[in-house]
1. Relative contact order of region 8-144: what whole-number percent is it, with Cα pairs under 8 angstrom and at least 6 residues apart?
2. Once the convex hull of the C-alpha atoms of region 35-137 is built, how many Å³ does it hold per residue, rounded to a whole number?
3. Tell me, what HN-Hα J-couplings in whole Hz come from the Karplus equation 6.51 cos²θ - 1.76 cosθ + 1.60 at θ = phi - 60° for each residue of region 105-112, using x for Gly and Pro?
4. Can you compute the helix-only [θ] at 222 nm over the chain? Use -39500 (n - 2.57) per DSSP H run of at least 4 residues, normalise by all residues, nearest 500 deg cm²/dmol.
5. Ordered by residue, what ³J(HN,Hα) values in Hz, to whole numbers, does region 66-79 give under the Karplus form 6.51 cos²θ - 1.76 cosθ + 1.60, where θ = phi - 60° and Gly and Pro are x?
6. Once amide H atoms are built 1.01 Å from N in the peptide plane, which residues 5 or more positions from ASN60, or in another chain, come under 5 Å H to H?
7. Report the net charge of residues surrounding LEU20, where surrounding means a beta-carbon distance below 15 angstrom and charges are Lys +1, Arg +1, Asp -1, Glu -1.
8. Looking at HIS85, TYR42, GLN104, which one has the Cα that reaches farthest to the positive end of the dipole of the chain (charges on Cβ: Lys, Arg +1; Asp, Glu -1)?
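Read-outs throughout are calculated quantities, based only on the coordinates presented, and are distinct from any laboratory measurement. For clarity, every value in this text was computed on a predicted model and none was experimentally measured. Please note: Cβ atoms are built from the backbone with ideal geometry, for glycine as well, and neighbour counts cover all protein chains shown.
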Amino acid sequence: MATAITALLSILGVLAGALLQHRLSRRSHHESHLLEARNSAYIDFLEAVSLVVAAQRMGNKQREIEQLARLTHAKARICIFGEEHVVRRLATFWAAGATLETEQEILAFTRFCMDIRKSLGIKDKAFLHSEVSQLLFAINPARS
C-alpha cells in the first residue's frame, strides 16, 4: 500500500512539474515575442524618422511620403506593443509637432528615445540624457 502511495505521489509530482514547466515556458515564449515586436516597432520608427527628415532636407517629396507611411505604421505598432511610458512620450512628441525643427520637439524626441532605452531594461545614469541629445542633435538640453 505504501509503495502504491509513493508511486502515485511520484507520478503527481512529475505531472505537476511538467505542467509548471510548460506554463513557465509558454510565458517566457510570449514575453520573448512581445519584446521582439516592441523592438521591431521602435527600430522601424526611429529609422523612419531619420529617413523622413533626410527626404525633407533633400526636397524629395515622393520619398518623404513613402517614409511617412512607414512612420505611421511603426507608430501604430508602438501604440499596440509599446510600454505605457513610451506611448505617452510618443504622444508628447507628436503633440509638440513631431518635425524635429523646434527645441521643444527635439527635447520631446530625446525623452522618447530615453524611454525606449528604459523600456528595454537599459539602466542609464542621469547624465546620459544630455549625451543622447548631443549625439542626435548637437544640443545640450536641460535635464528632465
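1. Values: 90 pairs, mean separation 21.2, N = 137.
Dividing the mean separation by the residue count of region 8-144 yields 15 percent.
2. On the way: hull volume 9.4 nm³, N = 103.
Convex hull volume per residue, Cα atoms: 91 Å³.
3. Going residue by residue, I get 5, 5, 5, 5, 5, 4, 5, 4 Hz, with x marking Gly and Pro.
4. Values: 5 runs with 118 residues, N = 144.
Per the formula, -29000 deg cm²/dmol.
5. In residue order, the calculated couplings are 4, 6, 5, 5, 5, 4, 4, 5, 5, 4, 4, 5, 5, 4 Hz.
6. none
7. Working: positive: ARG23, ARG26, ARG27; negative: none.
Residues close to LEU20 contribute a combined charge of +3.
8. HIS85
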